[in-house]
Amino acid sequence: MTAIQIIFILSALVILGAAVMVVSTRNLVHAALYLVATLFGVAVLYAILDATFLTVVQVVVYIGAIAILFIFAIMLTRREMRDQGEQLNKGWGAAALIGLLTFGGLFMLLNNWRGVNATAAALPSGFDGVVELGTALVSTDAFVLPFEVASVLLLAALIGAVYVAGTKK
Amino acid sequence: MTFWSDPINFVAQWLRDVFTGWGWNPGLANAITLLLGALVLILFAMLLDIFLVWVERKVVARFQDRLGPNRIGPFGIFQPFADIVKLIIKEDITPAGADKLVYNLAPILSLTSVLLLWAILPLAATIYGTDLNVALLYLVAAGSLGTLSIIMAGWSSNNKYALLGAFRMVAAMVSYEIPMVVALLIPTIITGSMSVKEITLAQGDGGVWFFIAAPLATVIFLISAIAELGRSPFDLNEAESEIVAGFHIEYTGMKFGLFYAGELLHAFTFGGFLAILFFGGYRFFGLENLHPFVGAIIFLVKALIGYWVIMWVKYTVPRIRIDHMLGFNWKFLTPLSLVVLMVTAVLNQVLAGTETWVYALVMFLANVVIGWLTLEALRAYSRSQRKAEEPAVESVAQAAQH
Amino acid sequence: MLFEYIAIATLIVLAVIVALIAIGLGELFGPKKKMEEKSMPYESGMTPYGPGTRRMPVRFYLIAVLFILFDIEVVFFLPWAIVFRQLGLFGLIEMAVFIAILLVGYIYAWKKGALEWE
C-alpha cells in the first residue's frame, strides 16, 4: 500500500464517519461542525488528486462561506438547537436493505470496470492546473457558456436571497 | 550548494543524506526532514510571537504616552515571559453549560489557522515552507478557518456576550474578505501568478514594487486586513463597553493565551503579506543577494513596519458603528475594489510589452485618477447629506431660541 | 503538488501539538478549585438568566448570503486573472460581461435595502 492510499483511506473514513454524525447527532450546531469535517476531508481528496485550486476553493467556499451560512441559519431558525424526535421511522429496515443492495450493485459494476484499477498517468512537469482551468473557463471551445451562465445563476440567487431575507419595507 | 550560500537547504540536504546513510528509505528521510523543518518554522513563529507581545505592549504604551513594560530585562524585553508564566499558572475555567469539546477546540483551531499562513511566507529566496501555486487563495482559506474558530468559541461559551461578539466578528470578517480577495487579484493580474514567490520575483529585476503600480490595492488590502484581524477601528467584536471581550470572554489561562498569541501573530503575518505583495518581500535593491539571512532580516523588518502601521491605525482611530462598518464595505470598498480591478486589467492589456517605468507610471496615474474621482464622489455625497440635514438643525436651533 | 500539501499537513499537525502543549502546561500548573459561582457565564457581574445561546438577528444571515455570492464570484476571477495576459481582448470582454450581470444583482440588492443595516 502506498502512502497516498493510506491518506485516501484515512480521509475517506473521516468523510464517512463525519457524514454519519451529521445526520445522527441531535445537536444542530454539532451537525454543522461535522459537516465541516466532511468538507475538509473532501478537500484532502482534491489535494490527493493534484487539484490544488479546487482544494483551496473547497476550503474557502464550503468551509469559509457555506458552513458559516449553515451555522448562521441554524442559529436563526431555532431557539432550542436540539432535536428531540425519533431518529428512525418505520421504513428504516427497507431503506437499509435498498441502500445495501444499491451499494452491492455499484460495487459489482465498478469491480468489473477496468477504470477502477487504472493508475492516473503522472502529470507532465510544468503542468499548472490553475492555468489550464483559467484557459478552459474562458475559451470558446470549452466552458465559456457555462461560465457566463454561472453568473446568471449567481444573479438569480442574489435576487432570491434579497427577496427572501430582505427587510419588510 | 554550499553552507554559506544557502544554509537552510544545505542543512536539509545534509540531514537527508544522514538519514539515508542510516539505511532509512528516501521517503522516510524526506518525511522526517520535512517534520523537522516544520518544527523549526513553528518554533521560530512562536518565538517571534513572544517578541511581538513585547512590541505590542511597548508600542501601545508609547502611543498612549506611557512607558510600557520596563522592569523585567532591558526595556522590559523579558516581560512576555512573565506574561506566559502568569497565563500558565492561571486556572482553566470552563463555564457552566459550555459545549466542552467545541470550547476546547476553538483556541487550537484559531492558532493553527494563523500558523498555517507561515507555510507560504517566503522569508528569503531560498527560505520558505512551500511554494504553492494558489498561495493567495490559500491565505483566504486559512482566514476562513479562523472565522470558523471564532464562531465555535462564541457559540460554545454559553455566554450572550461571546455569541454577540462572534456574530459581529464573523460578519465583519466575511464582508471584508471580498475586497481583500479583489485586492489580492491585482498583484495576480500584474504578475500572472498566484504564487507568492513569483509575485516577489516580479517586483525585483525589471519590475517595480507593486505599491507604485497599485497604490489603491495596497490601501484596500490594508483596510480589509485590519477588518479581518478585528482590530480597531473594526474591533466591534470586543467593544469593551458593550460586550466586554467578545467571543473569547469566557476563556482563561493558556486558552486565552492562544487566542491572544494567534491575534498578534496574525497581525504580524498580515504585515508580512503586505510586504510581500506590495513592497517587494525580501528584496531591497539587491541587498538580499548577499546572503539568504540578510533577505530574511529585510523581510522581517518590512513585516514589522507593516505590523507597526496596523498598530498605528489601531491606537489612533476610534471604533466605528457596525452599520457604518458594513456600509463602508458593501457600498464603498467592494465597488471601489472592483473598479480598480477592471481598470488594472484593461491597462495591463493595453500596456503589455511597454517599458517598466512607462507601465508603472501609467498604472500609478490611473490609480491617482480613480482615487481623486472617489474622493470627489465622497465629497459630493457628504455635501448632499449635510444639505439634507441643515434645515433640520436650523429649526432645532430656532426652537431652542424660542 | 501533493508534496506541498504534505508539508502543509505536517504544519497543521505540529501546530495542533504546540497548541495542545500550551494548554497542557496550563492544566498542569494552574489551580483547580471548582465552585459554582466561578463557572457561571460572565455577564458583568449579574447572574445570567435564560439560555446563553440566543436566536440571531436575520441581518447577519443576509450578510452571510451576500458574502457567499460575492465570494463565489471572486473565486471565478482567480483562474482568469492568472491567464489573463494570454487571453487578450476576448478574455477581458467575457469578464466584463460576467461582472456586468452581477452588477445588476448588486444594484438590485442596494436598491432593495439589503446593504443597509436596519
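Report whether or not B:Ala245 is within 14 Å of chain C (Cβ to nearest Cβ), touching a residue at least 40 places away in the same chain (Cβ under 8 Å) and touching a Ser or Thr at 6+ places or on another chain (Cβ under 7 Å).
Details: within 14 Å of chain C (Cβ to nearest Cβ): yes; touching a residue at least 40 places away in the same chain (Cβ under 8 Å): yes; touching a Ser or Thr at 6+ places or on another chain (Cβ under 7 Å): no.
For B:Ala245, the condition - within 14 Å of chain C (Cβ to nearest Cβ), touching a residue at least 40 places away in the same chain (Cβ under 8 Å) and touching a Ser or Thr at 6+ places or on another chain (Cβ under 7 Å) - is not met.
How about the range A:83-135: which of its residues are among the polar types (S, T, N, Q) and under 26 Å from B:Ser195 (Cα atoms)? Give the derivation first.
Step one: filter the range A:83-135 for residues among the polar types (S, T, N, Q), giving A:84, A:87, A:89, A:102, A:111-112, A:117, A:119, A:125, A:135.
Within the range A:83-135, A:Ser125, A:Thr135 meet the criteria.
Quick check on C:Leu78: is it modelled with pLDDT of 80 or more, more than 29 Å from the chain's Cα centre (by Cα), over 30 Å from B:Glu250 (Cβ atoms) and within 10 Å of chain A (Cβ to nearest Cβ)? Break it down stepwise before answering.
Numbers: modelled with pLDDT of 80 or more: yes; more than 29 Å from the chain's Cα centre (by Cα): no; over 30 Å from B:Glu250 (Cβ atoms): yes; within 10 Å of chain A (Cβ to nearest Cβ): yes.
It is false that C:Leu78 is modelled with pLDDT of 80 or more, more than 29 Å from the chain's Cα centre (by Cα), over 30 Å from B:Glu250 (Cβ atoms) and within 10 Å of chain A (Cβ to nearest Cβ).
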Can we say B:Leu48 is surrounded by fewer than 15 Cβ atoms within 10 Å (Cβ to Cβ) and either at negative phi or small (Gly, Ala, Ser) (or both)? no
So in the range B:249-283, with the set limited to residues that are in contact with a Gly (Cβ under 8 Å, 6 or more places away or on another chain) and in a loop (DSSP other than H, G, I, E, B), which one is surrounded by the most Cβ atoms within 10 Å (Cβ to Cβ)? B:Tyr282
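Take B:Val170 and tell me if it is buried (at least 24 other Cβ atoms within 10 Å of the Cβ), farther than 20 Å from C:Phe76 by Cβ and assigned by TED's automatic domain parsing to the domain that holds B:Met152.
Details: buried (at least 24 other Cβ atoms within 10 Å of the Cβ): yes; farther than 20 Å from C:Phe76 by Cβ: yes; assigned by TED's automatic domain parsing to the domain that holds B:Met152: yes.
In short, yes.
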Are there any helices (runs of 4 or more DSSP H) wholly within the range B:177-248 with 3 or more residues that are surrounded by fewer than 23 Cβ atoms within 10 Å (Cβ to Cβ) and modelled with pLDDT of 85 or more, and if so which? B:215-229
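Is it true that some residue in the range A:106-116 is more than 23 Å from the chain's Cα centre (by Cα), at pLDDT 85 or above and either closer than 30 Å to C:Phe60 by Cβ or assigned to a helix (DSSP H, G or I) (or both)?
Filtering the range A:106-116 for residues more than 23 Å from the chain's Cα centre (by Cα) gives A:108-109, A:111-114.
Narrowing the set further to residues that are at pLDDT 85 or above leaves A:108-109.
If we keep only those that are either closer than 30 Å to C:Phe60 by Cβ or assigned to a helix (DSSP H, G or I) (or both) as well, we get A:108-109.
Taking every residue of the range A:106-116 in turn, at least one turns out to be more than 23 Å from the chain's Cα centre (by Cα), at pLDDT 85 or above and either closer than 30 Å to C:Phe60 by Cβ or assigned to a helix (DSSP H, G or I) (or both).
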Of the conditions (1) within 14 Å of chain B (Cβ to nearest Cβ); (2) at negative phi, the single one that A:Asp50 does not satisfy is (2)
Give me the residue from the range A:137-154 that is part of a helix (DSSP H, G or I) and surrounded by fewer than 19 Cβ atoms within 10 Å (Cβ to Cβ) and, out of that set, modelled with the lowest pLDDT. A:Val144
Search the range A:130-148 for residues that are in contact (Cβ under 8 Å) with a residue 24 or more places away in the chain and pair each with any residue that is not in a helix (DSSP H, G or I) when their beta-carbon atoms are under 7 Å apart and the residues are at least 6 apart or on different chains. A:Val130/B:Asn133; A:Val130/B:Val134; A:Val130/B:Met194
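Test C:Ile93 against the stated conditions and say whether it is at the interface with chain A (Cβ under 7 Å from one of its Cβ atoms) and under 25 Å from B:Ser193 (Cα atoms).
Details: at the interface with chain A (Cβ under 7 Å from one of its Cβ atoms): no; under 25 Å from B:Ser193 (Cα atoms): yes.
When the stated conditions are applied, C:Ile93 does not pass them.
Out of all the residues in the range C:20-29, is one or more within 14 Å of chain A (Cβ to nearest Cβ) and either within 21 Å of A:Leu154 (Cβ to Cβ) or at pLDDT 85 or above (or both)? Let's see the steps before the verdict.
Our first condition is that a residue be within 14 Å of chain A (Cβ to nearest Cβ); within the range C:20-29, this holds for none.
There is no residue in the range C:20-29 that is within 14 Å of chain A (Cβ to nearest Cβ) and either within 21 Å of A:Leu154 (Cβ to Cβ) or at pLDDT 85 or above (or both).
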Wholly within the range B:1-108, helices (runs of 4 or more DSSP H) carrying at least 1 residues that are more than 30 Å from C:Ile6 (Cβ to Cβ) and free of Cβ contacts under 8 Å to residues at least 60 places away in the same chain: B:26-63, B:79-88
Scan the range B:150-167 residue by residue and report those that are more than 7 Å from every other protein chain (Cβ to nearest Cβ) and surrounded by fewer than 24 Cβ atoms within 10 Å (Cβ to Cβ). B:Leu164
So how many residues does the range A:15-44 have that are farther than 23 Å from B:Ser156 by Cα and either within 14 Å of chain B (Cβ to nearest Cβ) or among the β-branched types (Val, Ile, Thr) (or both)? 4
What's the number of the condition B:Thr130 fails, among (1) free of Cβ contacts under 8 Å to residues at least 12 places away in the same chain; (2) assigned to a helix (DSSP H, G or I); (3) within 14 Å of chain A (Cβ to nearest Cβ)? (2)
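The values are calculated or read from the model by the stated rules, or taken from the named source; none is laboratory data. As the structure is a computational prediction, the values presented were derived from the model and not from experiment. Every residue, glycine among them, receives a Cβ derived from its backbone with ideal geometry; neighbour counts consider all protein chains shown.
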